[in-house]
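The values are calculated or read from the model by the stated rules, or taken from the named source; none is laboratory data. All figures in this text were calculated on a predicted structure; none of them were measured in a lab. Neighbour counts run over all protein chains shown; Cβ positions are idealised from the backbone, glycine included.
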Amino acid sequence: MEDMAQGASGPSGFLPQQRQPISFESAQQNDPQSSIGRSQHPRILAAYGGAYSDPRLERSLAAIVGRLAAYSDDPNRAYSITVLNSPNINAFALPGGYLYVTRGLLALANDSAEVAAVLAHEMGHVSANHGIKRQEREQAAELAGRVVAEVLSSPQAGQAALAKGQLNLASFSRNQELEADALGIRHIGRAGYDPYSAARFLEAMESFSRFRNAFQAPNADLDFLASHPASAQRIDFARRHAAEFGPEGTGIADRDRYLSGIDGMLFGDTAAEGYVRERSFFHPGLGITFTVPRDFVIDNTAEAVLATGPGDTAIRFDGVALPERSSLDDYVRSGWIGGLDANSIRPIRVAGLEGVTARAQGGAYVFDITLIRVGGQVYRFLTAMPANASDRLDAAARQISDSFRLMSPAERQNLKPLRIRIVTAGLGDTEASIAGRMQGVDRKVELFRLLNGLEGGGGVRTGTRYKIIAE
């Protein structure tokens, strides 16, 4: 066959017309809603730590989206999926076909069908124009808030009214969530996926919510568990809609291919945020570490490291810039601590570093404030305890702050992020033996069951692949 790519003409003497490849951007040109998604996309990336790049994972997700798009109620709509570099569990869509899923959600999912159920739910919001309707309601609420602010003599009252209205509009309504559930389940059923995967993933989210119930989400607006409550009624609703496609076991789950796609995916925090390893916090960039006592649960948020323990004890750790010439004593007295007992301020040294401690009281709680200076940075431990247990406050606070130290260069270099690793159960393996291979996490068996959908019992099966967390 002759090579026709050397400038040969067609029958009429014209060069053959070159077809432009269809891309998400070119398909968007005919979508009037695309400008909304396009304008919001950079803000989404900024809020969630940017996009997480993993070509193998991206190919796996593109296959799921492609299959869903082929069975969409709107076959002319193009979709683009972005994996967000966040440990939060979230997924959403913007008008114009922009789909988003966090790596935190992908770590919780166990097969392609569960991810398809999440994405189809979000596509359902897009096809039902829920985002447009919510935007219209928010604009109306903002106008009403301005009217309230102008009529009421107190600006604070006006702002409070506006804030309350915004909170009511922050997520989709219950009816919109159920409508998106129904649309999504029908969508994955038509596409050949297991329609019961929607109920299965709702149950997984409910289990995860209980697992981490010692803390609130770092930012509820960024968290799927806050905006998509997995009530028993909603799970039952999902099962009833799935039953329209047949009994359980209907459709494909595509578990092995999905697990291969997430093998090696980053799990938990990034180096820029620091790492939690069981009861210890390490920040390789800042070169600092500390450990909370046994029976405490530690959580790293964007604003601070939080920990809770027995007896309604709570700890907050963060850092602020302070010029080295500024006195720590003056800083403690500068007004940022409510209820400060000025007579309690005293200097200390922690791991050879300058520091101060002080006490404060507010409501039913007493507080220990411990500051430790490292160059132009001051690290702050705030330990709170019920006032009726104030005799235990000093010992608890000292145990935590005394563990603070600078990391060695070797420690900083050797600290690696945690990742999802896929392992195969061997003969004689149990939940405990496989969970024992996990690194850097607490409550290993409980987390292993949660990540692998094993809360219902039954144990592990020889030859089956499972998720663990390791470096």
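Note on region 262-279: among residues that are not in a loop (DSSP other than H, G, I, E, B) and not aromatic (F, W, Y), the one that is nearest to the chain's Cα centre (by Cα) is L266. Annotation note: Cβ proximity below 9 Å between a residue of region 76-101 that is within 20 Å of L202 (Cα to Cα) and a residue that is assigned to a loop (DSSP other than H, G, I, E, B) and of a type in the set (V, I, T) (sequence gap 6+ or interchain) occurs for P87/T270.
Determine if region 74-84 includes at least one residue that is more than 23 Å from the chain's Cα centre (by Cα), under 16 Å from G37 (Cα atoms) and modelled with pLDDT under 90. Yes, there is a match, as at least one residue in region 74-84 is more than 23 Å from the chain's Cα centre (by Cα), under 16 Å from G37 (Cα atoms) and modelled with pLDDT under 90. For the criterion of being modelled with pLDDT of 85 or more, assigned by TED's automatic domain parsing to the domain that holds V65 and either on the phi > 0 side of the Ramachandran plot or surrounded by 19 or more Cβ atoms within 10 Å (Cβ to Cβ) (or both), F201 passes. Counting only residues that are in contact with a helix residue (DSSP H, G or I) (Cβ under 9 Å, 6 or more places away or on another chain), modelled with pLDDT under 95 and among the charged types (D, E, K, R), region 450-471 holds 1 of them. From the list R255, R325, R239, R234, pick out the single residue that is of a type in the set (K, R) and not assigned by TED's automatic domain parsing to the domain that holds H125. So the residue among R255, R325, R239, R234 that is of a type in the set (K, R) and not assigned by TED's automatic domain parsing to the domain that holds H125 is R325. The set of residues from region 259-278 being on the phi > 0 side of the Ramachandran plot and not acidic (D, E) comprises G264, G268, G274. Counting the residues of region 177-201 that are within 18 Å of G66 (Cα to Cα), assigned to a loop (DSSP other than H, G, I, E, B) and not aliphatic (A, V, I, L, M) gives 3.
A search for C-beta distances below 8 Å between a residue of region 38-52 that is more than 16 Å from V83 (Cβ to Cβ) and any residue that is crowded, with 16+ Cβ neighbours inside 10 Å, counting only pairs 6+ apart in sequence or on different chains, returns R38/Q28; R38/G96; R38/Y98; Q40/L94; Q40/Y98. Restricting region 208-247 to residues that are outside any helix (DSSP H, G or I) and at pLDDT 80 or above, the residue that is surrounded by the fewest Cβ atoms within 10 Å (Cβ to Cβ) is P247. Among the residues of region 305-339, the ones that are among the polar types (S, T, N, Q) and over 20 Å from A358 (Cα atoms) come to 1 in all. Filtering G261, G285 for residues that are at pLDDT 90 or above and either surrounded by 20 or more Cβ atoms within 10 Å (Cβ to Cβ) or under 30 Å from R186 (Cα atoms) (or both) leaves a single hit, G261. So is R279 touching a residue at least 40 places away in the same chain (Cβ under 8 Å) and crowded, with 17+ Cβ neighbours inside 10 Å or not? In short, yes.
Okay, residues lined up against (1) polar (S, T, N, Q); (2) outside any loop (DSSP other than H, G, I, E, B); (3) more than 31 Å from the chain's Cα centre (by Cα):
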position	(1), (2), (3)
A307	no, yes, no
A314	no, yes, no
F317	no, yes, no
P323	no, no, yes
D329	no, yes, yes
W336	no, no, no
P347	no, yes, yes
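Of all residues in region 416-434, none are without any contact (Cβ under 8 Å) to a residue 12 or more places away in the chain and either under 27 Å from the mean Cα position of the chain (by Cα) or within 16 Å of T289 (Cβ to Cβ) (or both).
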